[in-house]
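Presented below is the structure to which this report refers.
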Amino acid sequence: MKRLVFVALAGCAVLAAQETLPTAAAVLDRFIDMTGGKAAYEKHRDQVARGTLALPAQGITGDMTLTSAEPARMLMRVNIGAIGTMEDGTNGTVVWELSPLQGPRVVEGQERADNLRESRFNGPLHWREQYSKEEVLGTEKLGDDDCIELRLTPNDGGHPEILYFSRKSGLLVKQTGTRATSMGDIPYENTFSDYRSVDGVMEPFKTTETAAGQRVEMTISDMKFNADVPESTFNPPAEIQTLLKKEAPATPPEPAKPSAASPETPRSQARTGKFTIYMGGTPIATETYSLVHDAGHYELSGSGKAEMGPMKIDIEQYRVVTDDSFHPSAASVKAKMGQVDMSVDTVFSGGEAHSTIDKGAGPEKRDDPADPADVVISPNLPVFPFTLLAKRVSTSTREPQNFKAYVLGQGEAPLTVEYKGRSEVAFANRNEELNHFSATFVPPQGQAIAADVWTESDGRIVKMAVPDHGVEVYQEGYEPAGRSGASPGEPVQSGTANPK
């Protein structure tokens with residue numbers, strides 16, 4: 001009898017030690033209360049958040065604007081000067097992506113469903129509509145936070161999501177799961193921190209996502225609710241509308257125009273080169289090019305490859321033809337951005353640039369004003385077209401030299417260059433005295449870019465630097481100081497310059 005009583009009491013002690021956890025519904029509803037309450041959420045109809053998006057391992061940082069509105073509309077725009085502007089958006093029905101690296105894409109299937117679910121405005125209020133099952137898995141220690149772990153099963157067929165809520169604050173600390181993407185299902189982990197109250201609702205101002213071996217940090221600097229966002233903000237851009245209307249394979253793009261000099265034409269004064277491009281000290285791209293001066297014209301042509309994490313660019317050919325005064329007559333590019341084939345063919349005549357552009361949705365015509373003396377460059381890569389600019393700037397004045405640039409496929413933009421004098425630049429194996437220029441460029445689609453350029457006396461570019469984007473470019477044979485060679489993925493110490 002005594003033994004039975006002892007066992008019974010011991011069983012009671014064990015049961016007492018097992019803490020009763022709240023239900024998943026109670027945890028989710030508490031999160032709504034702790035972040036402001038249902039009434040505070042319901043006052044808001046749209047939101048505009050601005051900040052930065054960074055890939056620290058690649059040294060990439062861009063300006064970000066995230067706009068959202070009820071019921072499930074969203075537009076995220078990230079401008080990375082050296083790469084261009086990337087967009088993800090939905091008008092509540094169509095989900096799309098637009099990138100200078102991968103072109104336009106209409107998102108379908110489970111990936112679309114995941115995006116629409118994540119775009120739900122005031123999402124915390126609508127968890128009962130979006131999930132078919134919620135359950136408590138247990139508790140977990142995350143840093144200093146004791147957290148309750150939940151599993152939510154979407155009702156649209158998506159993978160379950162695991163959410164961790166702080167027991168003390170009630171706030172969401174971490175989320176893990178698997179997301180459908182164009183590259184297949186990819187596991188991810190998001191952490192949320194720096195919660196701040198904005199118009200009565202607590203929002204995380206720092207989000208870090210880790211997926212496919214990449215770490216992305218999103219930091220908000222400014223947020224506003226009820227900003228009266230125009231309806232047109234969420235309209236799919238023209239490239240996406242073209243894809244939506246496309247019912248049959250597009251007409252193949254017009255063939256590239258033949259070179260101004262036929263293969264039989266004797267070549268003279270040819271010069272070749274190779275650039276390695278570093279971002280955040282890591283090699284991300286290489287380019288090879290040649291500059292040929294025939295009777296009456298110059299022809300600059302080349303190719304390149306770039307790899308920035310999951311983003312890949314293969315430039316099959318980039319070509320610019322000018323007269324002896326460097327006034328352009330034709331330009332073309334053929335490239336593959338991710339899985340999308342892209343091409344631009346442009347002819348300059350009569351003060352205009354006449355282009356045929358194919359961004360993966362079929363060829364389109366475009367006419368832009370173009371000064372006869374325009375410098376033809378690329379909106380991002382390749383870098384070697386700046387060789388023609390280097391040939392034109394003067395070392396006889398320290399006054400600003402103003403040019404007009406035609407950004408291939410985009411339009412005309414101002415470009416200002418100043419000669420800074422001679423500088424001694426330290427490279428891996430030697431020091432060189434070079435001409436130093438600073439250049440400021442405002443592309444038609446993006447923010448101002450400031451660069452420094454060092455050239456030999458004949459205008460050959462030896463080094464370029466875009467400090468705001470952590471980008472440096474080196475001519476072959478001029479390795480960065482601190483090493484005699486660079487392997488992809490290995491950081492380098494930048495070359496340094498000492499003004500004379």
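Exceeding 31 Å between C-alpha atoms, which entries from my cross-link table qualify? They are Lys404/Lys463; Lys174/Lys224; Lys336/Lys420; Lys141/Lys312; Lys334/Lys463; Lys359/Lys420. The pairs that break the limit, which is 31 Å between Cα atoms, are Lys336/Lys420; Lys141/Lys312; Lys359/Lys420. Within the set of other residues whose C-beta is less than 11 Å from the C-beta of Thr288, count the net charge using Lys and Arg as +1 and Asp and Glu as -1. Net charge around Thr288: 0. If you take all other residues with their beta carbon under 10 Å from the beta carbon of Gln175, and give Lys and Arg +1 and Asp and Glu -1, the sum is -2.
Only bridges with both residues in region 271-499 count here: give the DSSP antiparallel percent, nearest 5. Here the share of antiparallel DSSP bridges comes out near 95 percent. Summing Lys and Arg as +1 and Asp and Glu as -1 over all other residues whose Cβ lies under 9 Å from the Cβ of Ala439 gives a net charge of -2.
Here, each number is a calculation from the coordinates, and none is a lab measurement. Small disclaimer: the values here were computed from a predicted structure and weren't measured. Neighbour counts are summed over all protein chains in view; Cβ atoms, including those assigned to glycine, are modelled from backbone coordinates with ideal geometry.
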